[in-house]
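The structure appears below as structure tokens.
The values are calculated or read from the model by the stated rules, or taken from the named source; none is laboratory data. None of the values given here were measured: they were computed from a predicted structure. When we count neighbours, we look across all protein chains shown, and the Cβ atoms used for this are built from the backbone with ideal geometry, even at glycine.
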2 protein chains.
Amino acid sequence: MMFTAEIKVMPLKELLDPQGKAVMGGLGNLGLKNIEDVRIGKHIILQIEATSEDDALSTAEEAANKLLANQVMEEYSIRIS
Amino acid sequence: MMFTAEIKVMPLKELLDPQGKAVMGGLGNLGLKNIEDVRIGKHIILQIEATSEDDALSTAEEAANKLLANQVMEEYSIRIS
């Protein structure tokens, strides 16, 4: 069966997010002054061929741990559907 | 009131996603051969000061249209909480 895994990878809350800060400045320059914080991460969608949802989740976790997220600086969450 | 807007920006389905294809190759080299497709986009979290959820949504839409998404190549969806 084919499963879709959506992986959200975000910079850790404890760390600065310079890309987000730059975008917040840009939005302010465009007149959107009521945006108080911006954080930017990655959204990754995997199509996984697996026998069960648990199997698909474990594949997605392995992909996130080994390649997609840098756990020194980022945290991730996975949703299977 | 403070609202959180989560904006998911993904490459259009009709277009190639070379970054996703490269990551799929990398996952295959790591032994994850049951991943059939990878698409990579951005996940952006805004903190918006607004009087209502509708007001926050319209600010997030303006931010997405003006700066965060390139609608020639990307589509976006917004979730307010």
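Before moving on, here are some points about what is shown:
- Going through (1) under 24 Å from B:Thr59 (Cα atoms); (2) more than 7 Å from chain B (Cβ to nearest Cβ); (3) β-branched (Val, Ile, Thr); (4) more than 19 Å from the chain's Cα centre (by Cα) one by one, A:Thr51 falls short only on (1).
- Within region B:33-48, residues that are over 23 Å from A:Asp17 (Cβ atoms) and facing another protein chain (nearest Cβ under 7 Å) reach partners that are modelled with pLDDT of 95 or more and surrounded by fewer than 20 Cβ atoms within 10 Å (Cβ to Cβ) with beta carbons closer than 6 Å, at six or more positions or on different chains, in the pairs B:Asn34/A:Glu49; B:Glu36/A:Gln47; B:Glu36/A:Glu49; B:Asp37/A:Gln47; B:Val38/B:Gly20.
- In region B:58-81, the residues that are without any contact (Cβ under 8 Å) to a residue 40 or more places away in the chain and acidic (Asp, Glu): B:Glu61, B:Glu62
- Scanning region A:1-56 for residues being buried (at least 18 other Cβ atoms within 10 Å of the Cβ), part of a helix (DSSP H, G or I) and not β-branched (Val, Ile, Thr) gives a total of 4.
- Residue within region A:70-81 that is buried (at least 18 other Cβ atoms within 10 Å of the Cβ) and at the interface with chain B (Cβ under 10 Å from one of its Cβ atoms) present: no
- Tally of residues being in contact with a helix residue (DSSP H, G or I) (Cβ under 9 Å, 6 or more places away or on another chain) and within 15 Å of B:Ile35 (Cα to Cα) across region A:63-77: 4
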